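Asks: This structure is in structure tokens; I'll ask about it shortly.
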Amino acid sequence: MGKDKNTKIKNALISVSNKDQLELLTQSLNELGINIISTGGTASFIDNLGIKVKKVSDITGFPEIMDGRVKTLHPKIYGGLLNRKEIDDATQEEHSIQNIDLIIVNLYPFEKTIAREDCNDEMAIENIDIGGPAMIRASAKNFYTKTIVTDPSDYDLIIKELKMNSGSTSFEVRKNLSLKAFRYTADYDESIYNYFNTKNNDSSQKKIIDMHLSQIKELRYGENPHQKAGLYTQGETSESSLTGAHVYQGKPLSYNNLLDANTASKMRSKF
């Protein structure tokens, strides 16, 4: 399958729980003449802005059912996400499946839900998203021609990209957003696993311990000058630890610099 340098965006599917900056995004897509497809509360939000939106149920010919548990899981949606240019053209035409080029999806707020004091298993389970991760993975897999956006902080990037490229997205942007999307669904699944693993097992008897680490900065080099290295943390950086340290003068820190600083800090704490 060839890499399209730029892919024209004609149809966008939007289904989000987090509606931050959604008004700006949908207005920009509308101004660019991009058709918007949506679901449930997101469709109502867009419609209330006075922007034309087509409901997923109008495309599938099937209503949202089971309190919204089933709405996007349909061949006419996934055919539009997973189709391959030229290879699947005849199949699309036979079954009246239209391309979905831009996919804006974020998931039910599982982590926020389980952080609530009144959260129980039923609440947690109802906030496990099914259709969202499936759409994200399908679109991310097909990044040669599909653009998947999962983070509202990337809306500005997409708007600028579309305006700069006459309504198209570049291969590099699609590939980078795909990678970010796979990280997003991996983190989401991990939070679900950790929640039920903690509830169902004595923490001292866990068979698997997951270390969720995020890179907060790239180091100058690793143990040796030819090696790459990064500084990772499990949570927020802290001003009281080396993860929150600032370099006020001199070169950026290397792995060895951090080891030396950590040793010096431990020695100081003994006095």
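Yes/no per residue for (1) under 23 Å from Ala134 (Cβ atoms); (2) assigned to a loop (DSSP other than H, G, I, E, B); (3) not polar (S, T, N, Q):
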site: Thr7; (1), (2), (3): yes, no, no
site: Ala12; (1), (2), (3): yes, no, yes
site: Glu23; (1), (2), (3): no, no, yes
site: Ser28; (1), (2), (3): no, no, no
site: Ile36; (1), (2), (3): yes, no, yes
site: Gly41; (1), (2), (3): yes, no, yes
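Asks: Shifting gears a bit: Hey, does segment 19-29 have a residue that's in the same structural domain as Phe143 (by TED's automatic domain parsing), over 17 Å from Ile159 (Cα atoms) and of a type in the set (A, V, I, L, M, F, W, C)?
Replies: From segment 19-29, those in the same structural domain as Phe143 (by TED's automatic domain parsing) are 19-29; that's our starting set.
Filter once more, keeping what is over 17 Å from Ile159 (Cα atoms): none.
There is no residue in segment 19-29 that is in the same structural domain as Phe143 (by TED's automatic domain parsing), over 17 Å from Ile159 (Cα atoms) and of a type in the set (A, V, I, L, M, F, W, C).
Asks: When the residues of segment 69-87 are filtered to those that are more than 21 Å from the chain's Cα centre (by Cα) and exposed (fewer than 14 other Cβ atoms within 10 Å of the Cβ), which remaining residue is modelled with the lowest pLDDT?
Replies: By that ranking, first place goes to Glu86.
Asks: Would you pick out the residues in segment 44-58 that are closer than 20 Å to Ile136 by Cα and in contact with a helix residue (DSSP H, G or I) (Cβ under 8 Å, 6 or more places away or on another chain)?
Replies: Keep residues of segment 44-58 that are closer than 20 Å to Ile136 by Cα, which gives 54-57.
Passing the criteria: Lys55, Val56.
Asks: Among what's in segment 25-53 and is out of contact with any strand residue (DSSP E or B) (no Cβ under 6 Å at 6 or more places or on another chain) and in contact (Cβ under 8 Å) with a residue 60 or more places away in the chain, pick the residue that is nearest to Asn165 (Cα to Cα).
Replies: So the first thing to find is which residues in segment 25-53 are out of contact with any strand residue (DSSP E or B) (no Cβ under 6 Å at 6 or more places or on another chain), and the list is 25-28, 30-33, 40-41, 44-45, 47-52.
So of that shortlist, the ones also in contact (Cβ under 8 Å) with a residue 60 or more places away in the chain come out as 25, 28, 32-33.
Working: Leu25: 16, Ser28: 14, Leu32: 11, Gly33: 14 Å.
Among those residues, the one meeting the criterion is Leu32.
Asks: Return yes when Thr145 is of a type in the set (Val, Ile, Thr) and either within 24 Å of Leu25 (Cβ to Cβ) or under 20 Å from the mean Cα position of the chain (by Cα) (or both) and no when it is not.
Replies: Values: of a type in the set (Val, Ile, Thr): yes; either within 24 Å of Leu25 (Cβ to Cβ) or under 20 Å from the mean Cα position of the chain (by Cα) (or both): yes.
Criteria met by Thr145.
Asks: I would also like to ask the following. Report, ordered by the first and then the second residue, all pairs with beta carbons closer than 9 Å, sequence separation of six or more or different chains, a first member in segment 95-115 that is of a type outside the set (Val, Ile, Thr), and a second member that is surrounded by 23 or more Cβ atoms within 10 Å (Cβ to Cβ) and assigned to a loop (DSSP other than H, G, I, E, B).
Replies: Note: pairs meeting the criteria are Asn99/Lys146; Asp101/Ile9; Asp101/Lys146; Leu102/Ile9; Leu102/Lys146; Asn106/Thr150; Leu107/Thr150.
Asks: Let me ask something additional. Restricting to segment 130-183, count the residues that are more than 12 Å from Ile104 (Cα to Cα) and among the acidic types (Asp, Glu).
Replies: Residues meeting the conditions: 3.
Asks: Any idea which of His226, His212 is modelled with pLDDT of 80 or more and either part of a loop (DSSP other than H, G, I, E, B) or exposed (fewer than 13 other Cβ atoms within 10 Å of the Cβ) (or both)?
Replies: On the way: His212 fails: modelled with pLDDT of 80 or more.
Checking each option against the conditions leaves just His226.
Asks: Here's another thing I want to ask about it. Can you pull out the residues in segment 35-51 that are crowded, with 18+ Cβ neighbours inside 10 Å, out of contact with any Leu (no Cβ under 6 Å at 6 or more places or on another chain) and within 14 Å of Thr72 (Cβ to Cβ)?
Replies: Within segment 35-51, Ser38, Thr39, Thr42, Ala43 meet the criteria.
Asks: Still on this structure, please answer the following. Could you please find all residues in segment 54-68 being surrounded by 17 or more Cβ atoms within 10 Å (Cβ to Cβ) and free of Cβ contacts under 8 Å to residues at least 24 places away in the same chain?
Replies: Those that are surrounded by 17 or more Cβ atoms within 10 Å (Cβ to Cβ) and free of Cβ contacts under 8 Å to residues at least 24 places away in the same chain: Lys55, Ser57.
The values are calculated or read from the model by the stated rules, or taken from the named source; none is laboratory data. On a predicted model such as this, the values are computed, not experimentally measured, just so you know. All Cβ positions, glycine included, derive from the backbone under ideal geometry; neighbour counts span all protein chains shown.
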